[in-house]
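Enquirer: Questions regarding the structure given below will be posed in turn.
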Amino acid sequence: MLKIKRVIALIATLCMISCSSCISAMATEQFDYQSSEATPYNVAITRTSYSFDISSSGIASCYGSVSVRAGYTVRLVMQLQQKGSMWRTVQSWNGTDSTNVTFDETYQVEKGYDYRLMNVYIAYDADGNQVEAFYDTSNIVEYK
């Protein structure tokens, strides 16, 4: 009886290790955390990219880009957000195109707050129906 319990425990352990390796490999394929570029496995959206930083003089550099497959339209809403009691949008950029949308913008921020960049990606089919939507939120940058 003890031998059977050990075999079952060994098999269960091997299954857990195998499953966690598969999940880890899938996450690595979908997102490269070092470059902040996602390569999602989506129907319409083929590529997204973003970056965010604030200079010592308070200039926020905000970048966002999204591309879609032929036959789709894509919308990018890029929001610079400030943290007070809650996150609020202090500046927003919005664009729609049939192939890709890119913003490379700057904005002077106020001292004493944390900031982040949120990019919302929305894809539409030829009839104007939304087929997918998701977002990326950047690292939080403190400007004191």
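The values are calculated or read from the model by the stated rules, or taken from the named source; none is laboratory data. Predicted model, so just to flag it, every value in this text is computed and none were measured. We place every Cβ from the backbone using ideal geometry, glycine too, and count neighbours over all the protein chains shown. The accessibility values were calculated without ligands, DNA or RNA, using every heavy atom of the protein model including side chains. Shrake-Rupley method; radii C 1.70, N 1.55, O 1.52, S 1.80 Å.
Enquirer: Only residues that are open to solvent by 70 Å² or more (accessible area, probe 1.4 Å), part of a strand (DSSP E or B) and modelled with pLDDT under 95: list them for region 123-144, please.
Expert: Residues satisfying the conditions are Gln130, Tyr135.
Enquirer: In addition: So Val77 clears everything in (1) over 15 Å from Tyr50 (Cα atoms); (2) under 19 Å from the mean Cα position of the chain (by Cα) except one condition, right? Which one?
Expert: Failed condition: (1).
Enquirer: Another question about this same structure. Please specify each residue of region 98-122 satisfying the condition of being closer than 13 Å to Ser65 by Cα, open to solvent by less than 60 Å² (accessible area, probe 1.4 Å) and either of a type in the set (A, V, I, L, M) or out of contact with any strand residue (DSSP E or B) (no Cβ under 6 Å at 6 or more places or on another chain) (or both).
Expert: Within region 98-122, Val101, Leu117, Met118, Val120, Ile122 qualify.
Enquirer: Follow-up question, since we're still on this one. Collect the residues in region 81-97 that are open to solvent by less than 70 Å² (accessible area, probe 1.4 Å) and in a strand (DSSP E or B), keeping them in residue-number order.
Expert: Selection gives Gln81, Gln82, Trp87, Thr89, Val90, Gln91, Ser92, Trp93, Gly95, Asp97.
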